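Scroll down for the structure; my scribbles are underneath it.
The values are calculated or read from the model by the stated rules, or taken from the named source; none is laboratory data. As the structure is a prediction and not an experimental result, all values here were calculated from the model. Counting neighbours? That spans all protein chains shown, and the Cβs are built from the backbone with ideal geometry, glycine included. With ligands, DNA and RNA removed, areas are computed over all heavy atoms of the protein, side chains included. Shrake-Rupley method; radii C 1.70, N 1.55, O 1.52, S 1.80 Å.
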Amino acid sequence: QVQLAESGGGLVQAGGSLRLSCTASGLTFSSYSMAWFRQAPGKERELVAGISWSGATTHYGPSVEGRFSISRDNPKNTAYLQMDNLQPEDTAVYYCAADRWGLATASGNMDHWGKGTLVTVSS
């Protein structure tokens, strides 16, 4: 019933930009904090960014601070991740996740996950 659908991934050259979208259905979107995580092959899943239910508070992983920006549009049931100045080390599968009770800071506290979208950054 609950579905998070990511889109916007693809291949981009270093220094370029992409905007990921996550559209939610089957839940009351404004009741959830939202987050983006990423996972590269053979590596642990890591937090990229999180945003509170209202969008008033955001937080970022240290590797993307200053380059990525998370936002949300509650009437559209959509969260976004604007990624600027992409680097090869940003290559990963990016996952959207929803947190009903928390602040979208921990992978283990997420209640729903999308299937992921691949971002590949070439040199």
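Key figures
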quantity	calculated
Separation in nanometres of the label points that stand 7 Å from Cα toward Cβ, at residue 109 and residue 69	2.6 nm
Inter-part distance where segment 12-31 and segment 40-95 are each reduced to a Cα centre, Å	8 Å
Reciprocal of mean inverse Cα separation for segment 25-64 (Kirkwood radius, Å)	11.4 Å
Relative contact order [Cα under 8 Å, 6+ residues apart], the chain, whole percent	36 percent
Accessible area of segment 1-81 belonging to carbon and sulfur atoms, whole % at 1.4 Å probe	45 percent
Estimated FRET transfer efficiency (residue 52, residue 14; beta-carbon r; R0 22 Å; 0.05)	0.10
Lys/Arg +1, Asp/Glu -1 at C-beta; segment 38-109 dipole; positive extreme among 52, 41, 82	52
Point-charge dipole on Cβ atoms (K/R +1, D/E -1) for segment 22-123, about Cα centre, debye to 20	220 debye
Extension gain (nm, one decimal) between residue 122 and residue 30, 0.36 nm per residue minus Cα-Cα	29.5 nm
